[in-house]
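Below is one structure, written out as structure tokens; the observations come after it.
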Amino acid sequence: MIRRLFTSLILLTSAALAAPKGPPNIIFLFCDDLSTQAISAYGEKRKLLETPGMDRIAREGIRFDRCLVTNSICGPMRAVIQTGKYSHANGFYNNSNSRFDSMQQTFPKLLQKAGYTNAVIGKWHLMTDPVGYHYWNVLPGQGAYYNPAMIDNGKQVKQTGYATDIITDLGIQWLKNRDKTKPFMLMLQHKAPHREWEPALRHLGHDKDRVYEEPETLFDAFEGRSKAVSDHDMGIERTMTDRDLKLAAPAGLNEDQLKYWNEYYEPRNARYREANLTGRELVKWRYQRYMHDYTACVKGVDENIQRTLDFLDKEGLAENTVLILSSDQGFFLGEHGWFDKRWIFEESLRTPFLVRWPGVSKPGSTNGKIVSLLDLAQTFLDIAGQPQPGDMQGRSLVPLFKGETPADWRKSFYYHYYEFPVPHRVRPHYGVITDRYKLVHYYTPDVDGWDLLDRQKDPLEVKNFYSDPAYADTVKELKTELTRLQTEVHETIPPPRFTHGNAPFEGEPVQPKKGKGKGKKKAE
Ligand code: CA
């Protein structure tokens, strides 16, 4: 009897071991404007925040140190992820007036055909409804932080609470109720920490009024670089509104919530008004307020990531699930005196990328190769064991997840930003990026010219080496490489003048600025 029991136990165990796990599940934890500087696993020297949830993913998986975007703004990068194609190839160039053509090939549609059940929850921002998902529940446009409306498979529903918590709740609920006969792909997409950086009320004062270290380039004078760089409208000094700075109350709070909000901000705002700051002192104050609010929003994301990870553990879902944490781009946290993104400069070009694939990725490892959100569509298809369509323009990251970087992995990368002049007066530019250099062309007629950045000599990217004779050969080589990449991705230069709903170039009237402190424009 005992012997028989023992034999059955062995049989059971080996059956369990031999049982095919099936294609892995995929969870894509996505943030909006989350920069590596605010994630403790990336070890930025300012130590802005501890992020134990994100750090756990890094500890149990791989931290990619140079994940780049192709066009550093929200909608365009989401379109790149869906399609595995550059903006000029998927038709979504900017946030101002592009609409995603949902009839085109996307990776969720292909996963659906392969038998996956898919969901997207949270921020979508592609202007047309999601296609390729069994379930979608998304914020309209940018969405609100407090008590947001959401669109549940086409029907608008008013939610109560804080966006980051709500999106996590909806994700967990979907995971509980999903079709368990199929592998799943869940895109859980937070709005945070997007402007205007409105924290959960429980995180007001989370930093106990600490003083944040300033970035070395907070007062960058932009010497030696293109006029395109200095003629911006995204500075802490010149662009931040009262609402950004919490000198005006946010929308969407109920009476009790507003009271709580005022109890935190009003005494501090009163002290600020009394001080009557100007010049550098004003910028310094604004930077501190910005850091409090931004890091509080990231703290909200991090708590919810911990909650998501705990749920996966509890449900036994952690093991056969590839979990990726990323953001649609990086963000300036005071570097060059800026907030926002858009530029080919490192802070907005580079985005966080953490991957946990139990049994496949080596815990606690790092990878410094140039990878991109452009690679995600092919990566997801490869994870699912599906073929990668030949017209996608990235490359599967699965070998890198396994710790086997192919010898012919890319050594250069192509970047192109288009949106101008609103909302932040960042001129269109394209460029080639290598481990060491960036060669950038600002090509609107008023500033037509090149900048060369050398990250080895000038990690802060405050110098332009383009006209330095010592770099003549480098410039020549990089120009050749840039042309090669533009040919490879089939982009016509200069880009055609705009049949795709793109923003106007210089020479067209610049839209007048709205009054300060009145909330913000739609596009960002
Ligand atoms: Ca964004």
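What follows draws every value from the coordinates through simple rules; no lab data is involved. Since the model is a prediction, treat every value here as computed from it, not as a measurement. Note that each Cβ is placed from the backbone with ideal geometry, even for glycine, and that neighbours are counted across all protein chains shown.
Residue by residue, here is whether (1) free of Cβ contacts under 8 Å to residues at least 12 places away in the same chain; (2) within 30 Å of residue 114 (Cα to Cα); (3) in contact with a Lys or Arg (Cβ under 6 Å, 6 or more places away or on another chain) holds:
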{"site": "181", "(1), (2), (3)": "yes, yes, no"}
{"site": "195", "(1), (2), (3)": "no, no, no"}
{"site": "208", "(1), (2), (3)": "yes, no, no"}
{"site": "217", "(1), (2), (3)": "no, no, no"}
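Go over the candidates 358, 363, 389 one by one and state the one that is part of a loop (DSSP other than H, G, I, E, B), within 27 Å of residue 487 (Cβ to Cβ) and more than 16 Å from the ligand (Cβ to nearest atom).
Exactly one of 358, 363, 389 is part of a loop (DSSP other than H, G, I, E, B), within 27 Å of residue 487 (Cβ to Cβ) and more than 16 Å from the ligand (Cβ to nearest atom), namely 389.
Go through (1) more than 16 Å from the ligand (Cβ to nearest atom); (2) in a helix (DSSP H, G or I); (3) among the polar types (S, T, N, Q); (4) within 26 Å of residue 413 (Cα to Cα) one by one and return the number of the condition residue 112 breaks.
Unmet condition: (4).
What residue, among those in the range 78-98 that are surrounded by fewer than 21 Cβ atoms within 10 Å (Cβ to Cβ) and in contact with a helix residue (DSSP H, G or I) (Cβ under 9 Å, 6 or more places away or on another chain), is nearest to residue 380 (Cα to Cα)?
Step by step, filter the range 78-98, then rank; the result is 89.
When the residues of the range 329-353 are filtered to those that are farther than 17 Å from residue 219 by Cα and among the aliphatic types (A, V, I, L, M), which remaining residue is surrounded by the fewest Cβ atoms within 10 Å (Cβ to Cβ)?
Here the answer is 344.
Suppose we keep only residues that are touching a helix residue (DSSP H, G or I) at 6+ places or on another chain (Cβ under 7 Å) and free of Cβ contacts under 8 Å to residues at least 60 places away in the same chain within the range 140-162. Which one would you say is nearest to residue 78 (Cα to Cα)?
143
Looking only at the range 41-51, decide whether some residue is within 16 Å of the ligand (Cβ to nearest atom) and outside any loop (DSSP other than H, G, I, E, B).
Within the range 41-51 (the criterion being within 16 Å of the ligand (Cβ to nearest atom) and outside any loop (DSSP other than H, G, I, E, B)), the answer is no, since none of the residues qualifies.
Quick check: is even one residue across the range 215-236 within 22 Å of residue 33 (Cα to Cα), touching a helix residue (DSSP H, G or I) at 6+ places or on another chain (Cβ under 8 Å), more than 16 Å from the ligand (Cβ to nearest atom) and of a type in the set (Gly, Ala, Ser)?
Scanning the range 215-236, I find at least one residue that is within 22 Å of residue 33 (Cα to Cα), touching a helix residue (DSSP H, G or I) at 6+ places or on another chain (Cβ under 8 Å), more than 16 Å from the ligand (Cβ to nearest atom) and of a type in the set (Gly, Ala, Ser), so the answer is yes.
Could you list, in sequence order, all residues of the range 20-40 that are away from the ligand (no atom under 15 Å from the Cβ), touching a Leu at 6+ places or on another chain (Cβ under 8 Å) and among the small types (Gly, Ala, Ser)?
40 - this is the single residue of the range 20-40 that is away from the ligand (no atom under 15 Å from the Cβ), touching a Leu at 6+ places or on another chain (Cβ under 8 Å) and among the small types (Gly, Ala, Ser).
Find the residue count for the range 318-343, including only residues that are within 16 Å of the ligand (Cβ to nearest atom) and in a loop (DSSP other than H, G, I, E, B).
The qualifying residues number 11.
Taking the range 258-290, which residues are more than 22 Å from residue 146 (Cα to Cα), among the hydrophobic types (A, V, I, L, M, F, W, C) and in a helix (DSSP H, G or I)?
270, 275, 282, 283, 285
Looking only at the range 245-282, how many residues end up being without any contact (Cβ under 8 Å) to a residue 60 or more places away in the chain, charged (D, E, K, R) and within 26 Å of residue 341 (Cβ to Cβ)?
Count: 1.
Please enumerate the residues belonging to the range 435-484 that are hydroxyl-bearing (Ser, Thr, Tyr) and either crowded, with 19+ Cβ neighbours inside 10 Å or in contact with a strand residue (DSSP E or B) (Cβ under 8 Å, 6 or more places away or on another chain) (or both).
Selection gives 437, 442, 443, 444, 466, 471, 474.
Return the residue satisfying two criteria in turn: it lies in the range 284-302 and is in contact (Cβ under 8 Å) with a residue 24 or more places away in the chain, surrounded by fewer than 24 Cβ atoms within 10 Å (Cβ to Cβ) and of a type in the set (A, V, I, L, M, F, W, C), and of such residues it is nearest to residue 324 (Cα to Cα).
296
For residue 263, only one of the following conditions fails: (1) surrounded by 15 or more Cβ atoms within 10 Å (Cβ to Cβ); (2) over 30 Å from residue 441 (Cβ atoms). What is its number?
(1) is the only condition that residue 263 fails.
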